[in-house]
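Asker: Would you mind keeping the following structure in view while I ask a few things?
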Amino acid sequence: MNRALRALEELNIAELELREYDETGDHVMLAEAYPNYIKLVRHAGRYMVIAGLWRQSRAEEVYVALLEE
């Protein structure tokens, strides 16, 4: 989690040009330690953090945080 927070602090959110995650899959990987990962996405016009877990050939993802711009 610390690695993800450091990566997030280093990003300039105002300069990001991520498109809608559900449509394009655009994301910024913040931390990954297989089978877990944390990434930043744009969802419903807002930046959100997703925590995910790989399960065989698919991933389960949960929105865990909303970022203030």
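Asker: At a Förster radius of 25 Å, what calculated FRET efficiency corresponds to the Cβ-Cβ distance of N2 and D22, to the nearest 0.05? Before the final figure, lay out each step's value.
Answerer: Numbers: r = 28 Å, r/R0 = 1.14.
Between N2 and D22 the formula returns 0.30.
Asker: Another question about this same structure. Please report Rg over Rh for the chain, where both radii come from the alpha carbon positions and Rh follows the Kirkwood definition. Could the numbers behind the result be given before it?
Answerer: Numbers: Rg = 11.7 Å, Rh = 12.4 Å.
My calculation puts Rg/Rh at 0.95.
Asker: Treat each spin label as a single point 7 Å out from the Cα along the C-beta direction, and report the N12 to L53 distance in nm.
Answerer: 3.7 nm
Asker: About its Cα centre, what dipole magnitude does the chain give when the only charges are +1 on Lys and Arg Cβ and -1 on Asp and Glu Cβ, stated in debye to the nearest 20?
Answerer: That gives a dipole near 320 debye.
Asker: Given A14, V64, A33, which one lies farthest toward the positive end of the charge dipole of the range 2-66, if we put +1 on the Cβ of every Lys and Arg and -1 on the Cβ of every Asp and Glu?
Answerer: Of A14, V64, A33, it is A33.
Asker: I want the local charge near A59. Using Cβ-Cβ distances under 15 Å, sum +1 for each Lys or Arg and -1 for each Asp or Glu among the other residues.
Answerer: Surrounding charge for A59 is -1.
Computed from the coordinates by the stated procedures, all read-outs in this text should not be read as laboratory data. Note that the structure is predicted; figures quoted are calculated from it, not measured. Cβ coordinates were reconstructed from backbone atoms using ideal geometry, including for glycine residues, and neighbour counts include every protein chain displayed.
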